[in-house]
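The values are calculated or read from the model by the stated rules, or taken from the named source; none is laboratory data. Small disclaimer: the values here were computed from a predicted structure and weren't measured. Counting neighbours? That spans all protein chains shown, and the Cβs are built from the backbone with ideal geometry, glycine included. Just so you know, the surface numbers come from the protein's heavy atoms only, side chains and all, with ligands and any DNA or RNA stripped out. Shrake-Rupley method; radii C 1.70, N 1.55, O 1.52, S 1.80 Å.
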Amino acid sequence: MKQAVIALSPLLFFSSGIATLQAPYDTPEFVSFSSKKWPSASEWASLNTSLGGRLENLRPWAAVCYSSDPLFDYDECQTVLTGYDNDTVRESVPTALLWANWEACGYGNGCPLNYSNPQIIHDQVCRQGTTPPYSVTISNASDASIVVKWAVGNKVKLTVKNTGHDYLGRSAAPSTLQVNTHTMDEISYVSEFVPQGSAASPVPALTLGAGAQLHNIYAYAGMMNFSAVLGACTTVGAAGYLQGGGHGVLTPAYGLGADHVLEVEIVTADGSVRTINAFQDPELFWAVRGGGAGSWGIITSMTIQTYPVIGIGASLLVIEPNPSQNLTALAIDFIALLGKYQNELVNSGIVSVLVPFEAQYILNFYLPTTTSHISTLYPIFAELLTLSSNYSVISNTTSATMFASVTAAETENIGPFFDSVNLYGASNQLSSRLIPQTSLSTPTSIQKVAEAIWTGSQILNEPLLSGPPGTFGAVPPFLLGNMPAATHQKANETGANPGLYEAAWHVVYAMPWTIDANETTNDAIVEAIHGATDPLTALGIASSYQNEGDPFEVNWQQVFFGYKYANLSSIKQKYDPGNFFTSYKGVASVTDLQAYQCYAEDFHADP
C-alpha cells in the first residue's frame, strides 16, 4: 500500500514543547501507519473478529465531496453538505470533529469544506489529516478491555471519541485506533445509590454511559424531576467534561461537576475493568475526577450525585456604551465595574456571564433559587444606573424565578446561547485564564485585570483588522463567572486544577475561521489566540482550565494542573507504568511523539 507521509511542524497537531517525564517513564513506543511494525492485515482481522465485525477503516467525512478523491460520490456529498454545520450530525460521524482544524495536521493537511458555503471541492486534495485509519464502536467495558489488550500488545495508540467536542484536538490523531463511545448513551436514575465497598448512606444518583451528552441528560433530568451539576454547552459529552473538572450554572452554589462524581467504571492500561470510587482504587478515582481526559484509561460509565429540582432566577441584559466616548476606556471600566462585585457574586452562588463586544455588552446573571437571591444584584444595578451617561441598558429581562428548573434554563437559554457562539464545522481554537478572587480584591488589582483582559482582546483581534477572507469579524473575550466557590475548601478532594477552586472568573479567548483564510492568516490567528493571555500572565495570572485551554500552552503542567501535577504523575505511574494512555498535554504526556505522522489521501484499507 503506497502512502505519502507529511512531517509535522511545531505549530501542528503535536506542538514542539517536550515534557520532562519522571522516572520510570520513557517515550512510549507506538507504531505509526508507515512503520514496518504496523499490525498486519491478519492482526487487524483478528481484532475485528473478537469484536463481532465492528472494526471499520476511516477516511475523512468530506472525502466524498472532493472530486479528485476515489471516494467522491455526488449523492453522499449532498448529505455531508446538508449536515456540515450541524453539531448533532457531526457528533454521530466517527470521522468528524466539531471544529475542522482538529481534523487536520496543520494548514492544508486535512479535508475541510468551507463552513460559510460548503460545496464540492474540485481543485484540492483530501488529506487524511488526524483521522485515525481504523475505528471500533464499543458498547461496554468488555469491548474496551479487548481493544486495550490488543492495542497494548501491538503498540497501537488509542484515540477515544464521543462527540469530538475537544478544544485540544484529543478526539483524533493519525496512526491511532479510534475507540468510538458515542452510542454508549445509556442514562439511568437510582434513588438510593451506595458506591461499591462503601457503608455510606445512600444518595440519589445518575449513572451515565460514556457517550451520554448533556442535552440528553438535561432532558432526562427534566422528565425525572431532578437536577445535576453539569455544564453549559449541551453538545458536550459528560464523561470527558467531568474528567476536566466541569463547571456550569450550578457550580458557584454546588461545586464542580467532578465534586459530585460517586463512582467510575474504567478500563486501565492492563485491560482490567475497574469500578473505582472513594473506597476502591481511591487514588485513581481522585485523579480521574478533574485530572484530565484520556490520561487514565477508557471510561465506560460514571455515576454522579443528583439533587431535587432547582429553579433558576436570571437577569439577561444588553448594554451599549456611549458611542461618543472612548469605547476602549468604557469597555475596560465596565469589566472593572463587574469585577468590583464578582467575588461577592460567585460566593453567593450566582453565575455571571459577560461578553463585551466593543459597541455592545451581553451581561447575564443566573442564580439557583435554593441558595441565592436576586437582591444580591441590586447594588450593581444601582451603580449601573448612576453611569447612564456612559452606558445604556437597551434590554433587561430579570426575574427571580425565570426558569422552573436547570433543564429549562439550559434548553431555553444557556445551551442555545453557547451553541450560537460555536460555529460547528468551522475551525476554532481557544486560550484561557482563571482569575483568582485575590486578583479582584482591591480597586487597583481589579483595574489591572480589566486592562489586561481588554488588551488580550486587542491582541486576539489584530489579525482581523484588514478583514481577511475566511474570518468572521471581531470577536470578544468571554468572562465566565461560574467558578466553584461552594467547594473552595474541598479543592484537594479531586484531581482538578486548584486554580478552578480559587477563581472568580474564567476568561476565554476564542476565534473561528474557515478555509478561505490563507496560510498567513491561519498562522496569525493561531498566534493571536495564543498571545491573548499574555497580559494576564504578566500579572502572575497563569492558571487555565484544560477543557477550554490553549493547545500551545508552554508551561502546561503548572497551568493546567497546578501543585497537583506531581501527585497526578505518581498515580499515573502506578496505574499506567508504560504511559500507554498518553493524552495531548495530559499528565505525563509526550508532545513530540515520533510515531505520529500525517499521511496523505491514498490511505485505503479493509478490516
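Only one residue in 82, 130 is touching a residue at least 60 places away in the same chain (Cβ under 8 Å) and more than 17 Å from residue 513 (Cβ to Cβ), so which one is that?
130
Taking the stretch 399-451, which residues are of a type in the set (Phe, Trp, Tyr) and either under 29 Å from residue 531 (Cα atoms) or in a helix (DSSP H, G or I) (or both)?
Scanning the stretch 399-451 gives 417, 418, 424.
Quick test for you: out of 145, 139, 171, pick the one residue that is within 22 Å of residue 113 (Cβ to Cβ) and either polar (S, T, N, Q) or free of Cβ contacts under 8 Å to residues at least 40 places away in the same chain (or both).
Just one listed residue meets the conditions, 171.
Can you work out which of the residues in the stretch 389-446 that are without any contact (Cβ under 8 Å) to a residue 24 or more places away in the chain and polar (S, T, N, Q) is least open to solvent (accessible area, probe 1.4 Å)?
Applying the filter and picking the extreme gives 445.
Whether any residue in the stretch 206-220 is in contact with a Leu (Cβ under 8 Å, 6 or more places away or on another chain), of a type in the set (A, V, I, L, M, F, W, C), open to solvent by 20 Å² or more (accessible area, probe 1.4 Å) and in the same structural domain as residue 305 (by the TED database) is what I want to check.
No, the stretch 206-220 contains no residue that is in contact with a Leu (Cβ under 8 Å, 6 or more places away or on another chain), of a type in the set (A, V, I, L, M, F, W, C), open to solvent by 20 Å² or more (accessible area, probe 1.4 Å) and in the same structural domain as residue 305 (by the TED database).
Residue pairs, Cβ under 6 Å, 6 or more apart or interchain, first in the stretch 571-585 and touching a residue at least 12 places away in the same chain (Cβ under 8 Å) and of a type in the set (Ser, Thr, Tyr), second surrounded by 22 or more Cβ atoms within 10 Å (Cβ to Cβ) and outside any loop (DSSP other than H, G, I, E, B). List them.
Short answer, once both residue conditions are applied: 575/284.
Condition check ((1) at pLDDT below 95; (2) under 19 Å from residue 156 (Cβ atoms); (3) buried (at least 17 other Cβ atoms within 10 Å of the Cβ)) across all residues:
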| position | (1), (2), (3) |
| --- | --- |
| 6 | yes, no, yes |
| 13 | yes, yes, yes |
| 21 | yes, no, yes |
| 27 | yes, yes, no |
| 32 | yes, yes, yes |
| 36 | yes, yes, no |
| 43 | no, yes, no |
| 47 | no, yes, yes |
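Wholly within the stretch 246-347, which helices (runs of 4 or more DSSP H) include no fewer than the required count, namely at least 3 residues that are in contact with a Pro (Cβ under 8 Å, 6 or more places away or on another chain)?
Ranges flagged: 251-254, 327-347.
Taking the residues in the stretch 541-557 that are surrounded by fewer than 24 Cβ atoms within 10 Å (Cβ to Cβ) and of a type in the set (D, E, K, R) as candidates, determine which candidate is farthest from residue 429 (Cα to Cα).
553
Provide a single number: the residues in the stretch 282-323 that are closer than 29 Å to residue 172 by Cα and surrounded by 17 or more Cβ atoms within 10 Å (Cβ to Cβ).
21
Based on what the data block shows, is residue 347 within 29 Å of residue 439 (Cα to Cα), open to solvent by 40 Å² or more (accessible area, probe 1.4 Å) and within 27 Å of the chain's Cα centre (by Cα)?
yes
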